Structure formats: structure tokens, C-alpha cells
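Read the structure below first, then the notes.
The values are calculated or read from the model by the stated rules, or taken from the named source; none is laboratory data. Here the structure is a predicted model, which means the values were calculated and not measured. Positions of Cβ are generated from backbone atoms using ideal geometry, with glycine treated the same way; all protein chains shown enter the neighbour counts.
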């Protein structure tokens, strides 16, 4: 069952499950609305039949901007658990429709969805998100309105980065994180750049990976 907050991870999950023939259940929430869709490989459409390519994250609202009603989360999670139990009890009874819920209005809409024969994932059996280095080196963190870079610096490079952060006026708030504040512009406030012990870099208050990359490169290099 999906409890992630970004398209990159969901596409990776979809590739892995379709390739292995393992059912999974997509769930997403924003504000007072939520969406649920069970994916049953070889029995119905996959996530990329629903959303073939990730939309431009910089143009979509996020939880950080519009919030999320707590009952929306619990309602969508309950729907996911119910669909999972249904699949376990009767694997041949797979209703792969998309369910859209408005928790505030008490409204549920069921949208039938058919498999796209030209879908690159379940149709053509292409799994680019499992390719490792060919996949993007970043994840857009929707809930935090941030971009996470999945880097793997060697020990010497990591030490150099930590020194650069401290030299730029940053701090070492705990054993696993170094952080520094980068100035914003007329449209954006300041950004926090966080370096983790495993080499990940998080840039807050933006969903633009190019802008985020340029900011951490200015500080760390």
C-alpha cells in the first residue's frame, strides 16, 4: 500500500510491482480530497495508465500550501486497507477503478479505468524507474515543499561539504544533519539546505529541481 508523497517513488513502486506481478494500492491526499486506485498486474491498468508522466511539480498545489484534513488521511488509508483485504480474500475479484473522495462533502466518485495497451509499463513492459543511474537523482517532497537529492559522496567529499556549510554560517544541529540557510529572492523566502550523514541533500521551499540544485551547488562546492 502506497503511503508516499511524490511521483518518483510511486513510479518506482509501480515498475517494481508490475514487473514482479505484485498488487499494490495507490493512495493520495490533498486538502479535503483523496484518491485511491488498486493496481493488479495482469488484471487491470497500472499507475502509469492513470498518470503516464509526472506533471510539473512547480505548478501543482502541495500540502504545505493548502494543508490536509486529518480525516482525509484516515479515510483514504481505510479505503486502501479495505481494498487490500478484498484482494487477499479473493485475488480474482479486482475492481481497479479509481475512487475519488471528498471527505468534507461526503462525496465518493468511482471512475472506471481500462488498461492502456500502449502504456510503457504494463503494455510494453518497460521499467525505466528500476534502472538506477538512469532514474532521476532527486525526489520532489510534496508535503514539505522541498527537493531531496539522492547523492552518494565519498567520505572526503562529505567532509568537504560539511566544512562548506559551516563556513557559510551553517550549523550541525544533530549527529546526522548539517544545515545552512540560503537567501531567497523577491518571490521566494529563504531556503534551508540540509546535508544528511548518508549524503542526501534537502533543499526546502521549492519544487524546482534546477533551482534547488543550483542553490546547494553554490553552498557545497
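Of the helices (runs of 4 or more DSSP H) entirely within region 1-96, those holding at least 3 residues that are free of Cβ contacts under 8 Å to residues at least 60 places away in the same chain and more than 16 Å from the chain's Cα centre (by Cα) occupy 70-89. Scanning region 21-57 for residues that are out of contact with any helix residue (DSSP H, G or I) (no Cβ under 8 Å at 6 or more places or on another chain) and under 16 Å from residue 113 (Cα atoms), we see that the one that is surrounded by the fewest Cβ atoms within 10 Å (Cβ to Cβ) is 42.
Taking the numbered list (1) modelled with pLDDT of 90 or more; (2) in a strand (DSSP E or B) in turn, residue 173 passes all entries but (1).
Determine whether residue 18 is surrounded by 19 or more Cβ atoms within 10 Å (Cβ to Cβ) and more than 26 Å from residue 146 (Cα to Cα). Here the answer is yes, as residue 18 does meet what is asked.
Taking the condition under 22 Å from residue 28 (Cα atoms), modelled with pLDDT under 90 and in contact with a strand residue (DSSP E or B) (Cβ under 6 Å, 6 or more places away or on another chain), does residue 129 pass? So residue 129 does not fit the description; no.
Checked against the criteria, residue 43 counts as modelled with pLDDT under 90 and farther than 23 Å from residue 141 by Cα.
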